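No value in this document is a laboratory result; all are computed from the given coordinates. Everything numeric in this text was worked out from a predicted model, so none of it was measured.
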Amino acid sequence: MGFLLTPRSMTLDDLELVLGQILSEFRVISRLWEATTAKRMKIDLLHKMGTDRARGRFMKAGYDEETVFSLDRPELLDELAKVMLAEAKTVQYPAEGVQI
């Protein structure tokens, strides 16, 4: 709305419109919060993941054993994070088709 409404000048329709806009913005913020929280949780899990488990996950993503074992832990986690990020970008909210 491009103009300021005071409580006295608001009609029920105005109030419904404003509340609808607030609810819509809340839904967007909620989706972003969920996506951010999920990413933070994955980062935490990645840092807590053991080296052997990380290697297994990396090989499961299609990388050969020689490449995986040639990486030290920081490099391994960095590359695995890229793999997990690529996988996460394909995840969609089922009801709305919003890609994160």
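Overview of results
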{"quantity": "Karplus (6.51, -1.76, 1.60) ³J(HN,Hα), θ = phi - 60°, over region 24-39, in Hz, Gly and Pro reported as x", "calculated": "4, 5, 4, 4, 5, 4, 5, 5, 5, 4, 4, 5, 5, 5, 4, 5"}
{"quantity": "Percent breakdown of C-alpha pair distances by 10 Å bin, ordered from the shortest bin, for region 50-89", "calculated": "33, 60, 7"}
{"quantity": "Estimated vicinal HN-Hα couplings, Hz - region 53-69 in sequence order (Karplus 6.51, -1.76, 1.60; Gly, Pro = x)", "calculated": "5, 4, 4, x, 5, 5, 5, 4, 7, x, 8, 6, 4, 4, 5, 4, 6"}
